[in-house]
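Right, one structure below, let's go through it.
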Amino acid sequence: MSKAFAAIYVVAVLALAACVVLIWRLRCESFGCMGIGVAWFAWVLAYFPVLLVGVLVRSRESLGAGLRKLMRAAVWAQVAMGAALAVVWVLKQAG
């Protein structure tokens, strides 16, 4: 069961990364770019539950050594993605 959750988690991290690219490429149309803000809000709402699942699955003893490495890399990639986007947001708010 843990291996299935690990696979689902890795796919979810890849989906989050794909969504970052898609949202980043959106252009403002009207209402002061409200749609882009809603998209980022939805992304954040998905980010934290996915991170929680990743941390919980990574701590499982039933994962093999190779899968444990993949999970560690995926969790750190997700944390780095979130941190980088948070830094970009802070810099844009300051500017």
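The values are calculated or read from the model by the stated rules, or taken from the named source; none is laboratory data. Please read these numbers as outputs of a predicted model, since none were measured by experiment. Ideal geometry is used to build each Cβ from the backbone, glycine not excepted, and the neighbour counts take in all protein chains shown. In case anyone asks, the SASA skips ligands and DNA or RNA and just uses the protein heavy atoms, side chains included. Shrake-Rupley method; radii C 1.70, N 1.55, O 1.52, S 1.80 Å.
Things to note:
- The alpha carbons of the chain stretch over 50, 23, 17 Å along the principal axes, in descending order.
- Accessible surface of the chain, 1.4 Å probe, proportion on carbon and sulfur as whole %: 75 percent
- For the stretch 42-57, 3J(HN,Hα) per residue [Karplus equation, 6.51 cos²θ - 1.76 cosθ + 1.60, θ = phi - 60°, Hz, x = Gly/Pro]: 5, 5, 5, 5, 7, 4, 5, x, 5, 4, 4, 4, x, 5, 5, 5
- Computed from backbone phi with θ = phi - 60° and the Karplus coefficients 6.51, -1.76 and 1.60, the 3J(HN,Hα) list for the stretch 61-76 is 7, 6, 6, x, 4, x, 5, 5, 5, 4, 5, 4, 5, 5, 5, 5 Hz; x is used for glycine and proline.
- Mean accessible surface per residue for the chain, computed with a 1.4 Å probe while every protein chain stays in place, in Å²: 70 Å²
- When the convex hull of its Cα atoms is projected in every direction, mean area for the stretch 1-54 (nm²): 3.7 nm²
- Cβ-derived FRET efficiency at R0 25 Å, S59 paired with A17, nearest 0.05: 0.65
- Free-standing Cys, the chain [no other Cys Cβ under 4.7 Å]: C19
- Across the stretch 8-18, rounded Karplus estimates of 3J(HN,Hα) from the backbone phi angles (6.51 cos²θ - 1.76 cosθ + 1.60, θ = phi - 60°) give 4, 5, 4, 5, 5, 5, 5, 5, 4, 5, 5 Hz, Gly and Pro being marked x.
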